[in-house]
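J.: This structure is in structure tokens; I'll ask about it shortly.
The values are calculated or read from the model by the stated rules, or taken from the named source; none is laboratory data. What you see is a predicted model; the values in this text were computed from it and never measured. Glycine also receives a Cβ, built like all others from the backbone with ideal geometry; neighbour counts cover every protein chain displayed.
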Amino acid sequence: MIGIAAAAAAAAIAIVGLADGLEECRVTPRVVQVTLAAFPRELANVIEPLRCPKCIEPLERVGILEWVVDRCTGCGGMWFDADELDVVRALPGAEAADTGDPAVGARLDALRAIDCPRCDSRMVQRVDAERPDVHYEQCSSCGGIFLDAGELRALSSAGLSGWLKRVFG
């Protein structure tokens with residue numbers, strides 16, 4: 001059985017040697033599929049999955065309609081790359097992906113000195129304009145956002161109620 005690091009290295013070598021017009025790479029016996037447009041992010045996640053900035057457990061990829069975001073397997077917090085949160089929070093049913101315990105999220109919200117799981121820069125605490133009770137962390141370097149468990153549910157409902165207020169007064 002080929003190791004993950006060896007598969008990732010083989011994928012990197014195969015990507016370098018790709019002919020023009022070829023859009024993906026497949027490496028066996030452990031299949032590693034990488035689209036050229038997403039190569040750096042996908043390869044980084046193959047070599048070592050992102051880790052939660054709060055509890056250090058691995059993040060898993062979860063789908064929300066056509067979007068894929070990262071959710072912590074330990075505390076249930078969620079990672080959004082730059083600009084993903086604004087789109088995802090407006091999607092119908094997005095709050096269903098927030099499966100973590102809000103009590104755990106509230107307890108972990110007290111942690112202040114956390115580093116970005118994507119680029120290791122220090123994250124800054126922010127307050128949502130529509131929901132001032134929701135405090136989240138944002139990377140000052142790559143723009144990624146970490147929400148503790150329960151915060152996506154709170155933000156999704158704020159997005160809908162805010163939209164209804166703007167439309168119907």
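J.: Taking only pairs six or more apart or across chains, which ones have beta-carbon atoms under 6 Å, a first residue in the stretch 126-144 that is part of a strand (DSSP E or B), and a second residue that is hydroxyl-bearing (S, T, Y)?
T.: R126/Y136; C139/S121
J.: Test of understanding: among L155, L111, L160, which residue is over 23 Å from L65 (Cβ atoms), at pLDDT below 95 and not charged (D, E, K, R)?
T.: L111
J.: Follow-up question, since we're still on this one. I'm checking my understanding of the structure. Among residues of the stretch 66-121 that are in a helix (DSSP H, G or I) and basic (K, R), which one is farthest from R51 (Cα to Cα)?
T.: Of the residues in the stretch 66-121, the ones in a helix (DSSP H, G or I) are 84-89, 94-97, 102-108.
Filter once more, keeping what is basic (K, R): 89, 107.
Working: R89: 22, R107: 19 Å.
Residue satisfying both the conditions and the ranking: R89.
J.: With the checklist (1) over 18 Å from the mean Cα position of the chain (by Cα); (2) surrounded by 12 or more Cβ atoms within 10 Å (Cβ to Cβ); (3) at pLDDT 85 or above in hand, flag the one item A103 doesn't pass.
T.: Evaluating A103 over (1) over 18 Å from the mean Cα position of the chain (by Cα); (2) surrounded by 12 or more Cβ atoms within 10 Å (Cβ to Cβ); (3) at pLDDT 85 or above leaves (2) as the failure.
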